[in-house]
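Comments concern the structure below.
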Amino acid sequence: MINFRAGLSALLLTTTLGQPAVAADFSDPTWPCIQRKVERLSIGLMWPHPVEEAKIEGPTGEAVRDLAGALTLRRVSLEEAEARIAEFVGEHGAAEPLISQVFVRVFDQVARRRSTIMDGIADFSLGQIALSERIEEARVEFDNLLNVENPDYDKLDSLEEQIDWDERIYIDRQKNLTYVCETPVLLEKRLFAIAQMLMQVVED
């Protein structure tokens, strides 16, 4: 027995697709976020000191790697990050080349993580587009089958079940979009905050 669930689901999907958070810029199908898309970060906009690669070995080099690794972790609060920087400076000093290497490592790690997330957002968006197209094609097929003289109700029930399932998946995924889109921005903010902390301690 055909019911009105397919029509209701279609309405829900249409409403979801009409929300600004689904696609802020329809010219770029790989970017469904309301935030402005920034492909890559520039270290020069955050760090005014030279960033040439420097080879730092021994205990100091290990301390640089450990500090940079900790500063990239979002579970390490900014307050804890500031304390770790102060501890590092107390043991190894705050010479500009040394602190620059800390930030270079932090920047590289965060930028790579951010790029991975951006790629994931692109895959997510293209997947949602493909799923919405599949739903639309199934709805067209459903309408065509329903309008014939002797409808195949088994086929209609199967199509309706597929549409309901695909729409449920689409909407559930869409609920995560706000969090996913905020992640690159949060990484940028953390990177800028770390740069400010390090600039406050660096010795000219």
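The values are calculated or read from the model by the stated rules, or taken from the named source; none is laboratory data. Everything numeric in this text was worked out from a predicted model, so none of it was measured. Heads up, the Cβs are rebuilt from the backbone with ideal geometry, glycines too, and the neighbour counts pull from every protein chain shown. Accessible surface areas use protein heavy atoms only, side chains included; no ligands, DNA or RNA. Shrake-Rupley method; radii C 1.70, N 1.55, O 1.52, S 1.80 Å.
Of all residues in the stretch 165-183, those that are in a helix (DSSP H, G or I), of a type outside the set (Val, Ile, Thr) and open to solvent by 70 Å² or more (accessible area, probe 1.4 Å) total 7.
Restricting the stretch 84-124 to residues that are among the basic types (Lys, Arg) and under 30 Å from residue 177 (Cα atoms), the residue that is surrounded by the most Cβ atoms within 10 Å (Cβ to Cβ) is 114. With respect to the conditions (1) open to solvent by 60 Å² or more (accessible area, probe 1.4 Å); (2) touching a Leu at 6+ places or on another chain (Cβ under 8 Å); (3) outside any loop (DSSP other than H, G, I, E, B), residue 65 lacks only one, and its number is (2). Within the stretch 123-147, residues that are without any contact (Cβ under 8 Å) to a residue 40 or more places away in the chain have Cβ atoms under 8 Å from residues that are outside any helix (DSSP H, G or I) and open to solvent by 20 Å² or more (accessible area, probe 1.4 Å) in these pairs: 145/151; 145/152, counting only partners at least 6 apart in sequence or on another chain. Taken over the stretch 149-164, the criterion of being outside any helix (DSSP H, G or I) and open to solvent by 70 Å² or more (accessible area, probe 1.4 Å) is satisfied by 149, 150, 152. Criterion applied to 6, 81 was being at pLDDT 90 or above, assigned to a helix (DSSP H, G or I) and open to solvent by less than 60 Å² (accessible area, probe 1.4 Å), and the one residue passing it is 81.
For the stretch 86-101, a residue qualifies if it is in a helix (DSSP H, G or I) and of a type outside the set (Ser, Thr, Tyr), and the qualifying residues are 86, 87, 88, 89, 90, 91, 92, 96, 97, 98, 99, 101. Can you confirm whether residue 98 is in contact with a Phe, Trp or Tyr (Cβ under 7 Å, 6 or more places away or on another chain) and among the aliphatic types (A, V, I, L, M)? No; evaluated as a whole, the condition is false for this residue.
Say whether the condition of being of a type in the set (A, V, I, L, M) and at pLDDT 85 or above is met by at least one residue in the stretch 13-27. Looking for residues that are of a type in the set (A, V, I, L, M) and at pLDDT 85 or above, one finds none in the stretch 13-27, hence no. Scan the stretch 28-46 and report the pairs whose first residue is more than 21 Å from residue 179 (Cβ to Cβ) and whose second residue is assigned to a loop (DSSP other than H, G, I, E, B), with Cβ atoms within less than 6 Å and a gap of 6+ or a chain change. Qualifying pairs under 6 Å: 43/51. Answer yes or no as to whether residue 136 is outside any helix (DSSP H, G or I) and open to solvent by 80 Å² or more (accessible area, probe 1.4 Å). The answer is no for residue 136.
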